[in-house]
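This report concerns only the one structure given below.
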Amino acid sequence: MGTVRELPNRLQAEKRSRGNSSPHWFHQRGRIFGLKSELDEASTLLLNGCVTHKLPSQALLGILVAAVFGPALPAAAAPQLTAPVYETRTEHDPNGIGKFYMGREIAHVMGHQAAGWLERPDREAEERTDLLIDAMQLKAGETVADIGAGSGYFCWRMSKLVGPQGKILGVDIQQEMLDLLQRNMTKRQITNVTSVLGTTSDPKLPASSVDTILMVDVYHEFDQPYEMLVGMQRALKPGGRIVLVEFRAEDPAVNIKRVHKMSQEQAKKEFAAVPGFTWERTIDVLPQQHILIFRKNSTPK
Ligand SMILES: C[S@@+](CC[C@H](N)C(=O)[O-])C[C@H]1O[C@@H](n2cnc3c(N)ncnc32)[C@H](O)[C@@H]1O
C-alpha cells in the first residue's frame, strides 16, 4: 500500500494565500529590514491560532534566525511548524477520496445534483431534525454559521429562532448549492440568511464574528479538516461553540456508508489537534447521529 505524506508549512501556506505582503523595501534593502514584519506575521498567526502551540518559542526563534541569516543557513536549521499530516493510500474505500487524516478516510463531497435528498419530505421524521434544532437552544440575536449549508435546510429553520436581530450565514463550496439556498430563502421571504462561498480550506468568515457554528453531515467531507477547523476557530467569538452532527460510527445499526459516519473518539481527536477548543458535551437525542458541542476557549490556555 503506497503512502504519500503532505507536510505543508502553515506559515508559508498562509503567506501564499494572502499574497506577498512584505513591504517593497524588504527586498531592496536586504532581509534584515524584513525582520519586524516577519515576526509580526508569525505572532499574528500564533495569536490567530493558525499554528498549534507546540514549540511556539522555538518557531519564533527559527523565524528570527532565518530572517537574519536567510539563505546562509541550510534549510534543515529552520524548525518546521506543526502541520497536519495527511496520507494518501491507493487502496481505500470507493466512497472515500483515498486521503486519510488521523486514520480516518475523508468522504467524497456530496454533489449539488443530490440536493433533493437533503429536502426529502421524510427527513424530519427519519433524522428528527426538529430535536436537533431544539437541542441547539439558539437565542434571539445570535449569529450562526451553517457550514456546508447545502440547500439551506437548516438555515431557514434557524432563521426564525435568531429573529430579525440575528443572522444566519450559509457557507458552502458549491455555488450551485448557494444558488438553491438563496432561492429557498426568497421563496420563504427570509431576509436574515446570507450565503457565503467558502473554499475547501477556509470558511471565509470574518474573525470573531460568529456565536455558533453548525455542521450537519459535512465535517467528514472536508478534504482539509485541520485548515477548516483553524478557520472556524478564528471566526468564532471567544466562548462561541461548534455544534457537530455526524452519523454514529460506533453504532452498527446506523445504516450509512462507513466513510460518511464518524465516531465521537475520532471527532474529539481531530478537534484536539487545533488548540483552543474544548469538548463540552455530547447530546444523544437523535435516532442516528450524535451532537457534539465544542467550545472555543474564552482565554488562551
Ligand atoms: C451532505 S451535504 C449536507 C448539507 C446540510 N448540512 C444539510 O444537512 O442539509 C454537505 C455539504 O457540505 C458542503 N461542503 C463540503 N466541503 C465543504 C467545505 N470545506 N466548506 C463548506 N462546505 C463544504 C458540500 O458542498 C455539501 O453541500
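A few points about this structure:
- R120 satisfies every condition listed in (1) under 19 Å from F222 (Cβ atoms); (2) part of a loop (DSSP other than H, G, I, E, B) except (1).
- Looking across E246, E227, E265, one residue alone is under 16 Å from M136 (Cβ atoms) and assigned by TED's automatic domain parsing to the domain that holds Q137. It is E246.
- Long-range neighbours under 9 Å by Cβ, at least six apart or interchain, first residue touching a residue at least 12 places away in the same chain (Cβ under 8 Å) and of a type in the set (D, E, K, R) within segment 272-301, second assigned to a strand (DSSP E or B) and surrounded by fewer than 13 Cβ atoms within 10 Å (Cβ to Cβ): R295/G239; R295/E280; K296/P238; K296/G239
- Any hit, segment 100-111, residues being assigned to a helix (DSSP H, G or I), under 22 Å from Q264 (Cα atoms) and at pLDDT 95 or above: no
- Residues (crowded, with 16+ Cβ neighbours inside 10 Å and touching a His at 6+ places or on another chain (Cβ under 8 Å)) located in segment 160-199: Q174, M177, L180
- Within segment 157-168, the set of residues being in a helix (DSSP H, G or I) and away from the ligand (no atom under 11 Å from the Cβ) comprises M158, S159, K160, L161, V162.
- Enumeration of residues in segment 107-144 that are polar (S, T, N, Q) and touching a Ser or Thr at 6+ places or on another chain (Cβ under 6 Å): none
- Which listed residue is within 11 Å of the ligand (Cβ to nearest atom) and closer than 25 Å to N95 by Cα, from L205, L132, L178: L178
- Among the residues examined, D146 qualifies as in contact with a Cys (Cβ under 8 Å, 6 or more places away or on another chain), near the ligand (Cβ under 9 Å from one of its atoms) and acidic (D, E).
- Selection of segment 208-232 for residues being more than 9 Å from the ligand (Cβ to nearest atom) and among the polar types (S, T, N, Q) yields S208, S209, T212.
- Residues satisfying the stated conditions in segment 100-112, i.e. surrounded by fewer than 18 Cβ atoms within 10 Å (Cβ to Cβ) and more than 11 Å from the ligand (Cβ to nearest atom): F100, M102, G103
The values are calculated or read from the model by the stated rules, or taken from the named source; none is laboratory data. Source: prediction; values computed, not measured. Using ideal geometry, Cβ is built from the backbone for each residue, glycine included, and neighbour counts are taken over all protein chains shown.
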